[in-house]
Each structure stands twice: as structure tokens, then as C-alpha cells.
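See structure below.
The values are calculated or read from the model by the stated rules, or taken from the named source; none is laboratory data. Just so you know, these numbers come straight off a predicted model, no measurement behind them. Methodologically, a virtual Cβ is constructed for each residue, glycine included, from the backbone with ideal geometry; neighbour enumeration extends over all protein chains shown. Remember, those area values only see protein heavy atoms, side chains included, never the ligands or the DNA or RNA. Shrake-Rupley method; radii C 1.70, N 1.55, O 1.52, S 1.80 Å.
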Amino acid sequence: MGKEYVVTLCEGPSCIHKGSRRLRQLLEKKLEKHGIAGKVRTFLSGCLGMCAKGPIMVINPGYVIYGGVTVDDVDEIVEQHLIKDNPVARLTVKESHLYNRFFRVFGDAKFFGKQMRIALRNCGIIDPESIEDYLSLRGYEALAKVLTDMTPEDVIEELKKSGLRGRGGAGFPTGLKWQFTRAAESDEKYVICNADEGDPGAFMDRSAIEGDPHTVIEGMAIGAYAIGANKGYMYIRAEYPLAIERIQKAIDDAKKHGILGDNILGSDFSFDVEIKLGAGAFVCGEETALIHSIEGYRGMPRPRPPYPSVKGLFDKPTLINNVETWANIPVVIIDGGDWFSKVGVGKSNGTKVFAVAGRIVNTGLVEVPMGTTLREIIYDICGGIPGNKKFKAVQTGGPSGGCLPEDFLDTSIDYESLAEVGSIMGSGGMIVIDEDSCMVQMAEFFLEFTQSESCGKCTPCREGTKRMLEILTRISKGKGQDGDIEKLERLGHMIQKASLCGLGQSAPNPVLSTLKNFRDEYKEHIYNSKCRAGQCKAMLSYLITDNCIGCGACLRACPVDAITGNKKEKHLINQDICIKCGKCYEVCKFDAVAKS
Amino acid sequence: MVTPLDIIKKKRAEAVSRIIGKGYLSTKRVYVGMATCEIAAGSDEVMRVFRDAISKGGLTDVYLSQKGCVGRCNLEPTVEIIESGKNPVRYGLITPEKAQDIIDRHLKKGEVITEWVID
Ligand SMILES: Cc1cc2nc3c(=O)[nH]c(=O)nc-3n(C[C@H](O)[C@H](O)[C@H](O)COP(=O)(O)O)c2cc1C
């Protein structure tokens, strides 16, 4: 009698408006009154996407969804359902959106409650190597539906209605891209899935493929039908062996079921997917470079236009989308473009997956509705900064993105808002930085990456990033010069404007955004030889203070014999010999080694 | 005329019955994370403990499956236990030893080991 129920109340903007918070207060009071407050847990979630039927209350186990709940219903829910195990039939609503299933298993966990899993709806709840598991959760139904009663134009129309935009970085409207590729006339066309995922620290696409490979294939098949293609390529980096193995198995299994190959599911549509491996060059994620790489040439970009939708692979019209974009397609078809367009804010519909890493309690994959704020992800979902450290910045969009300080934590996550404050959505990397990190070094790290990944074809990117990196390195080595900041800005803007592809056009972003938001730190490095985070070794010196009791631990630990002193007397560090490795600081038990 | 939609619905029904045939309706279902990240954290060893327990007959009425990564990077390997009529239990940072404990205490005796639960 009376199970250990978990009651979830939707706390999306629409449900709050309809009174979900008052419901919760009342519910908690009643639970108290009936003496079951310890047994039944209440829990708040982000938008559950059922706004029309709000306020929404979900009760587990059983996954009973109540809609349009009012304060007058609370007594009945408590007494009938939570105490007597009789769900209240008149309030239940039937919802069968594709993402519901994930919520059922994970919805009551803090980390997942505020998330909404559309692209990753099956990741972590099905066996990715079993086509049966996928089929059982309405897998390939979207493809079948398209082949049964939608024309290619219908599909494109539905996609335009959904407002889905590319998740690979640029955020181009997917429906339009499909329309352009359909309109291009040719005897042959191709679709490509971009699974190159080159951003350091990003792993959304890998997880998506490893967790639910069939979704991506289904999306590609629908795309091929819509634009009139019969051949697809999955371009995936060779560093992802398990993802490759699973996508290959998925392709083979789909073929066995007649879901790929000739006359798919008895229709006159034929489509096949082939895997192409990338060797891990960042620039090969850029669509024109990627196409060159598939063709067997060196992966170098070319000017656009012509866009791949007109002249792409083997000079034929080509539709190229990112893994996450493809994973959204079956949902748009099954749940409808209208429904999809209601999730999110403004011109950014649906959800976005982020790989959250850095100085954060819960690192991991987070999929949230657009419009969620950076603060909600960092503090509510990921649990904030560990070790009582102070938040300093968050880098979104990886090496092509920008670094935002604390003042911007309430920025809504959508394409427009992020661009407005000088960062980008990018493909979904999110790195959290605390007070112990030096912003000059951060910028240097990202630029070092883009500089070494620059393909060398155009001069601004090849030479410009090199010169910028030299200046940054000089600053972090304590040899910064008056005028360096201005030089970095001039070079940065020039590289942004003059580079051939997105790599160069975005490479200066981490530098320019840190210059804008953390200018004082650059100045301190150049004019005061000071690194406030204590990370730039050249600006650091170790000193032994009067706390020293002469135990000799540091003297023994020093690898370059820079420390001298008699036993039981204060020791001394010879600054000319010291290499600032920090060993003495680590071994001292008496707090007698100071960093300055 | 048989449409693609008819065919896929039939395939779904067949898939469901095949999954049931593999024991899906067992009272307990155990899912072990097996993506690159999970395996790097040692989940294949954890998987082996469960597999051995089933194949050696020590564990019955349990449906064991692998799954992809849900995104709890810092708590991997993860294991979920779903029992009908109860809320799912999610365990994090599972080692082969802890997996054995989960078998002995949770799966055999129904005790939820709260210290390891992710919430
Ligand atoms: C340097 C560079 C690297 C890129 N890397 C990727 C990548 O790894 N994955 C990806 O999907 N898109 C990447 N892109 C974006 C692609 O060029 C292209 O815009 C995208 O694949 C289009 O798909 P979407 O509309 O679904 O986002 C990159 C772009 C640039 C300039």
C-alpha cells in the first residue's frame, strides 16, 4: 500500500504560468499531513514538452501523466494514487512523444530532470547493437511513414515548419538546405553525415552514434528520400573505433531487414550508406574539406559558393548534415514540425546537446531545450564548481567559440543570444573555467590547436595564427610588450575577415573574446609581470618563509638542487637555478613555501 | 496493398516478441553502460561479472543488456536496475567487486545499496 512514489512537476515556463509551483507547495503540505512526506519524493523538472496540457504532473513508478491539474485535484491524487495505488483516471493524459521513454527511466534524477532528450532520446536506454531494441521504440517508423504517405516536398515542408537548424556549428536552417539540394538538378545526388567531431573536448556525436546508431541512419534515409539521393556517406573519424563498429553493424542489420538497400520496405526508394574514415584533421570537419577527403584528395577547403547543395561530392548536389541534426529528423517526422517548433525559444527550436567539461562537479552530456541559461546548465544540472572555487568563465563552441565571464551566466542558450554576447553555439563543447586558470593560457591553448590544425592553404590563417600564437606565448612567458594587445586585435580581425574557411574565420575568437572580457589579465601579464591565477611559470617565484623549520624535505625534493640550507635552519631557493616545478611547494608540510 | 508502414509495424511486433523471448519480462532488468567512455572506465569487467553470474546459474530471472552512454561521465561505469512496479535504480562508479555486491544484495535480496545510487 502506497509505493515509494516519485512525483515530478513540470517547471517549464508554461506550467509555472499555469500554477505548477502552487501545486507543489500544496502537495508537500498534504504529504506532510498524511505522514508520507518521507516516502514520496517530489521533484521539479524542466519543460516536458506537453505545454498544451499543463500543468503536468508525472508519477513514477508507472509513468502516469496527469494534465491540467488544479489545486482541487491534489487531495484526490494523494489519497487515491499515492496512498491507495489507484491512479486517477479522469486526470491522466496519453502522451507518446518519442523522447518520453528516456524521461521514464531517468526523469527523477537531478542531473537529467532539467534535460530534455530528443536527439539522444535512446542513448543509454537501449542496446545500441540491437535493431530489435530500436524497432521496438518506434524505430524506422518515421522512414516508413515518409515512404507511405509523404512526398519529398511534404517532408521538406514539415522540416521547415519545425525550424530545425544545423547542429554542426553554423546553425543553418535544415529545411532550407534540403530544399536547395532538392531543387538542384542532377542525375545523381548524395547525402553525407558529418561525424568528424574535431573540437577538443567534444564527444556528443560519438556518444550519439555509440548509443543509438540507427537513428542517424534513419535520419539520413529520410534526407535522401527528400532530396532524391540513393547513396549516403558516413564520414567518421578513425579515432572512434567502437562508433565505427556499431554504425557498421547497424547498416548491416538494416540491410538484412530491407530497411537499407534496394526497394526499401517494398517501396521504389533505394538507398545505401557507406562509411568513410577521416584521419582526425580538424579541418576535415569543414564541409568542403570533408568532401575533398571523401573524393580521395587532401582535406582542404575551397571557397563557397558554390555550396555543396549545388556542387558537392563528385561535383553533384550534396546534402551534408551533422550527426545530431540527423538524429532529430525522425522526431520531427513522428511528433511533427509543429510540436518540435514549440520546444525552444525564438528562432532556435528544439534542444542542443552539450559536452560539459572542465572545472565542474558533474562532467557529462547534457541535452537541454534551447533557451535554457548557462547558469542552469552549470549550477542546476552539473552541480557547480568543485572545491569552493570561484567561477571564472565558460567557453562555448570549442576552439571556434568565445569565453564568457560571470556577468553572462544568465545568457539564454540559443544561436542569436550567444552570438550577441560574442560567443557561438558551435557544435556543443562547453568548458567551465575557475579562478585557478589563466585566461591568457586558455587563449594560447585554443590557438595552439587551431594554428597546428590550419591546413595552410590560405595565408591569413596559416601565417596570421602563427604570429598571434607567438605574441600570446611571449605574453605568457613574461616577455609581453607594449602594443601586443592592439596587435593581437588587429591580427585577429584581419584573420576573421580574410580567411578562406570557418577554421580561420573563427580561430581568433577565443583570443578576441578573452581580450574583451578579461583584458585586465592580459595587462597584468604585460605591464606588471603578474599572473593572477599563478599558472604562468615565468611570472611565478617560489619563496621560503619564516615558517620553515629546516626539515630538508624541499631540499631533497628539488630536482635541480636550487635549495640550500642547514638542518633546522631556514632554507633558501636560488631563483637563478629554480625551474618553478613546484615540487618544494607540494612536499612542504609546514606551509613554508609561498608562491608569488 | 501492403505499405512500408504496415511492414515496419509488423517488424516492430516481431522485434518486441523476440525481445520478450530473450527474457525481457523477467522481474529484473540490468543495464550496463558500454560506450567507449564506459569501457575505458572498466565497464566490460563489470559486464563480465553479471554475465558470469547468469551463465553459471547463480542469477535467474534477470534480463541483462548493454546500453550506450547516458552522459554521466564522472560516475562511470554505470549500471541500472529496473524492476517492474518500482522506480529505476541507477548505480555509479561500479567496480567488479561492487557488481558482485549488487548481485548478492540487490538482485538476490532486494536491498538497494544507497551509497552507490546516483540521483
Ligand atoms: C574548421 C571546421 C570544422 C568543422 N567541424 C565539424 C564537425 O566536426 N562536425 C560537424 O558536424 N560540422 C563541422 N563543421 C561544420 C560543417 O562545415 C558544416 O557546416 C556542417 O557539417 C553542416 O551540418 P549542419 O547544418 O547539420 O550543422 C566544421 C566547420 C569548420 C569550419
- Query: Of the cross-linked pairs A:LYS479/A:LYS570; A:LYS30/B:LYS28; A:LYS33/A:LYS84; A:LYS231/A:LYS311; A:LYS39/A:LYS84; A:LYS352/A:LYS392, which ones have a Cα-Cα span greater than 21 Å in the structure shown?
  - Reply: A:LYS479/A:LYS570; A:LYS30/B:LYS28; A:LYS352/A:LYS392
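Once R0 is set to 51 Å, what does the formula 1/(1 + (r/R0)^6) return for the Cβ-Cβ distance between A:ASP149 and A:GLU463, expressed as a FRET efficiency to the nearest 0.05?
Efficiency for this residue pair is about 0.35.
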- Shielding by partners, peptide A:138-146 (average Cβ within 10 angstrom, other chains): 4
- For the range A:356-377, which residues drop by 40 square angstrom or more in accessible area between the chain on its own and all protein chains together (1.4 Å probe)? A:THR363
- Item | Positions from the range B:35-59 whose accessible area shrinks by 50 Å² or more when the full protein complex is built, not the chain alone, probe 1.4 Å | B:THR36
- Note on the structure: Here, B:THR95 and B:LYS108, labelled 7 Å along Cα→Cβ, have an inter-label distance in nm of 2.0 nm
- Item | Heavy-atom SASA rank of A:SER186, A:SER596 (probe 1.4 Å, accessible area, largest first) | A:SER596, A:SER186
- Task: Using a 1.4 angstrom probe on heavy atoms only, work out the carbon and sulfur share of the accessible area of the range B:25-116 in %.
- Result: 52 percent
- Could you work out the mean count of beta carbons from other protein chains within 10 Å of each residue's beta carbon in B:15-24? 4
- Query: Per q in 0.15 1/Å, what log10 I(q)/I(0) does a Debye calculation on the alpha-carbon atoms of chain B return?
  - Reply: -0.69
- Rg to Rh ratio, the range A:5-93, alpha-carbon atoms and Kirkwood radius? 0.92
- Query: Pairing the Cα long axis of helix A:519-528 with the longest principal axis of chain A, what angle in degrees results, from 0 to 90 and rounded to the nearest 10?
  - Reply: 10 degrees
- Carbon + sulfur, % of accessible area of the range A:540-595 - ligands and nucleic acids excluded, 1.4 Å: 52 percent
- Query: Hey, got the average number of other protein chain Cβ atoms within 10 angstrom for residues in A:200-211?
  - Reply: 3
- Task: For the range A:116-224, compute the number of Lys pairs whose alpha carbons are separated by less than 19 Å, excluding pairs fewer than 8 positions apart on the same chain.
- Result: 5
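Could you run the numbers on buried accessible area between A and B, total for both chains, 1.4 angstrom probe, in Å² to the nearest 100?
Buried area (both sides, nearest 100 Å²): 3500 Å².
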- Note on the structure: Calc'd 3J(HN,Hα), the range A:275-283, phi into Karplus 6.51 cos²θ - 1.76 cosθ + 1.60 (θ = phi - 60°), Hz, glycine/Pro = x, comes to 8, 10, 9, x, 9, x, 8, 4, 5
- Note on the structure: To the nearest Å², the heavy-atom accessible area per residue of the protein assembly as shown with 1.4 Å probe amounts to 40 Å²
- Item | Estimated vicinal HN-Hα couplings, Hz - the range A:29-38 in sequence order (Karplus 6.51, -1.76, 1.60; Gly, Pro = x) | 5, 5, 4, 4, 4, 8, x, 10, 4, x
- When the chain is fully extended, how far beyond the present Cα-Cα distance does A:LYS84 get from A:ASP410, taking 0.36 nm per residue of separation? 113.0 nm
- Note on the structure: Counting only DSSP beta bridges fully inside the protein assembly as shown, the antiparallel percentage to nearest 5 is 55 percent
- Note on the structure: So for R0 = 45 Å, FRET eff. of A:ASN263-A:VAL361 from the Cβ-Cβ r, to 0.05, ends up at 0.30
- Determine the residues within the range B:60-76 where the difference in accessible area between the chain on its own and the full set of protein chains amounts to at least 30 Å²; count protein heavy atoms only and use a 1.4 Å probe. B:GLN66, B:LYS67, B:GLY68, B:CYS69, B:VAL70, B:GLY71, B:ARG72, B:CYS73, B:ASN74
- Provide the descending list of Cα extents for the protein assembly as shown along its principal axes, expressed in whole angstroms. 88, 70, 55
- Query: How far apart, in nm, are the 7 Å Cα→Cβ label points at A:GLU188 and A:GLU486?
  - Reply: 5.7 nm
- Query: By how many degrees, between 0 and 90 and to the nearest 10, does the Cα long axis of helix A:323-335 differ from the longest principal axis of chain A?
  - Reply: 30 degrees
- Note on the structure: With 0.36 nm assigned to each residue of separation and the Cα-Cα distance removed, A:SER270 to A:ARG22 gains 83.8 nm
- Task: At 7 Å along the Cα-to-beta-carbon direction for both A:THR70 and A:ARG375, put a label point, then send me their distance in nm to one decimal.
- Result: 3.4 nm
- Distance violations [Cα-Cα > 18 Å] among B:LYS56/B:LYS108; A:LYS255/A:LYS316; A:LYS530/A:LYS580; A:LYS457/A:LYS497: A:LYS255/A:LYS316
- Note on the structure: Taking every DSSP bridge whose two residues both lie in the range B:16-98, the antiparallel percent to the nearest 5 is 55 percent
